[in-house]
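Below: one structure, written as structure tokens.
What follows is calculated from the coordinates using simple rules that are stated; it is not laboratory data. All values derive from a computational prediction rather than experimental measurement. Heads up, the Cβs are rebuilt from the backbone with ideal geometry, glycines too, and the neighbour counts pull from every protein chain shown.
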DNA sequence: AGATAATTTGACCGATTGGTAAACATTACA
DNA sequence: TGTAATGTTTACCAATCGGTCAAATTATCT
């Protein structure tokens with residue numbers, strides 16, 4: 001019998017690389033909508049265009065697929081926060097952070113929904129990542145914000161809740177997309193809503209944080 | 001055989017009233033965490049402390065339970081927006097709206113998560129309510145905000161995105177509770193975080209919307 | 001080309017799914 | 001108290017679940 005990927009130490013084949021990509025792509029489609037429990041391997045196999053045993057040849061369990069997906073997406077998703085620069089000036093840093101997050105909500109909404117689903121379920125698979133790497137990163141950036149506040153560059157405010165508010169307002173356009181479309185109506189549901197959102201949010205945060213325009 | 005509730009036209013019994021309450025309570029527990037597809041009648045019956053066929057005696061299908069739950073929760077959830085008063089002054093109205101929403105995120109987070117789950121899945125069960133009653137309500141309140149802006153009471157801004165941003169920032173504390181706790185660390189995960197959030201968000205929105213303190 | 005390793009599939013497994021049937025137990029009301 | 005309506009449970013159903021297995025197919029390398 002063939003040796004499944006996970007038990008092997010050798011190099012990955014071209015086919016492996018391709019098929020694993022196809023499967024994770026399909027898994028993202030399914031998991032991001034129905035969550036872990038609500039998704040089935042059959043669904044994923046269907047979307048991926050292959051048989052269920054074939055999917056299970058590359059990922060031995062449903063959990064393994066989900067795990068691989070989370071790991072990959074977690075990195076991408078935190079990229080904008082990592083880019084948050086202590087040496088930049090507050091206004092442009094915050095503006096571009098908001099823009100980047102909104103672009104991600106627009107361009108890769110499934111990734112956002114995958115996380116949202118995980119959070120709603122109490123993050124049973126990634127609690128360690130939250131308490132570890134994520135917390136460290138946020139702690140670091142919170143310190144940057146606090147420094148800015150002490151230097152009088154922005155108003156004094158709780159840096160953690162500031163970060164939460166940027167996360168929530170931007171990811172809202174991915175996670176609650178249906179609601180946003182429904183409320184805005186068909187005429188405002190084009191891609192232009194992201195530009196409107198960016199304009200509004202940038203102003204809200206720049207003014208709300210008492211940032212002096214330079 | 002007994003006639004299930006849904007097919008009956010007569011008054012509801014005391015027992016019916018009680019048991020339906022118990023079931024919906026249990027269903028809220030389960031649906032809010034796992035979503036519709038990820039939840040099972042067995043789970044709900046277990047939490048409700050009754051047998052599966054007994055649950056199905058009161059609600060003939062899983063969908064019927066979910067439907068009843070959504071209908072009930074939708075009303076409660078929109079209460080704060082309904083209370084948004086055109087005759088009040090912008091500062092106090094916005095402050096109290098934020099407070100109310102945060103209180104709900106703290107006191108009835110399961111309701112928030114139920115909706116969030118529904119949104120993530122594309123709102124297959126409540127799209128009509130979104131396009132109808134919800135949109136109407138938001139349209140009405142958006143008009144109020146626009147009036148305030150025209151009167152110079154608050155800065156000009158897109159009223160829809162303003163409402164979205166209040167929704168998302170406040171509900172974040174219910175939907176992403178695990179993440180918030182993980183990032184804040186154990187020492188700041190007491191109920192005090194809601195007070196911190198309220199302080200931060202009120203300032204953000206009051207200043208961000210250019211509301212003059214009176 | 002032939003051998004070997006990698007990939008794919010159909011048939012299948014026990015457990016769980018949403019839901020039903022009918023016997024049994026309890027309640028409400030005359 | 002009797003009885004009809006209401007409520008509850010056990011046993012069960014077909015469909016679907018995550019996952020296995022061995023056989024068949026395809027790709028790779030000499």
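Does any residue of the stretch A:183-202 turn out to be touching a residue at least 24 places away in the same chain (Cβ under 8 Å) and more than 22 Å from the chain's Cα centre (by Cα)? No, the stretch A:183-202 has no match at all. With the condition being touching a residue at least 60 places away in the same chain (Cβ under 8 Å) and within 12 Å of DNA strand C (Cβ to nearest atom), I'd like the helices (runs of 4 or more DSSP H) fully within the stretch B:9-92 carrying at least 3 qualifying residues. Filter on the stretch B:9-92 gives B:14-38. Output yes when any residue across the stretch B:127-143 is at the interface with chain A (Cβ under 9 Å from one of its Cβ atoms) and more than 24 Å from residue B:85 (Cα to Cα), and no when none is. Yes, some residue in the stretch B:127-143 is at the interface with chain A (Cβ under 9 Å from one of its Cβ atoms) and more than 24 Å from residue B:85 (Cα to Cα).
Of everything in the stretch A:35-58 that is surrounded by 20 or more Cβ atoms within 10 Å (Cβ to Cβ) and near DNA strand D (Cβ under 10 Å from one of its atoms), the residue that is nearest to the other protein chains (Cβ to nearest Cβ) is A:38. For the stretch B:59-98, a residue qualifies if it is surrounded by fewer than 19 Cβ atoms within 10 Å (Cβ to Cβ), over 19 Å from the mean Cα position of the chain (by Cα) and under 24 Å from residue B:45 (Cβ atoms), and the qualifying residues are B:60, B:61, B:62, B:63, B:64.
Looking at residue A:97, is it more than 30 Å from residue A:152 (Cβ to Cβ) and either within 14 Å of chain B (Cβ to nearest Cβ) or more than 11 Å from DNA strand D (Cβ to nearest atom) (or both)?
Judged against the criteria, residue A:97 is not a match.
Out of all the residues in the stretch A:185-203, which are within 9 Å of another protein chain (Cβ to nearest Cβ) and surrounded by fewer than 20 Cβ atoms within 10 Å (Cβ to Cβ)? If the condition is that a residue be within 9 Å of another protein chain (Cβ to nearest Cβ) and surrounded by fewer than 20 Cβ atoms within 10 Å (Cβ to Cβ), then A:185, A:188, A:196, A:199, A:203 are the ones that fit.
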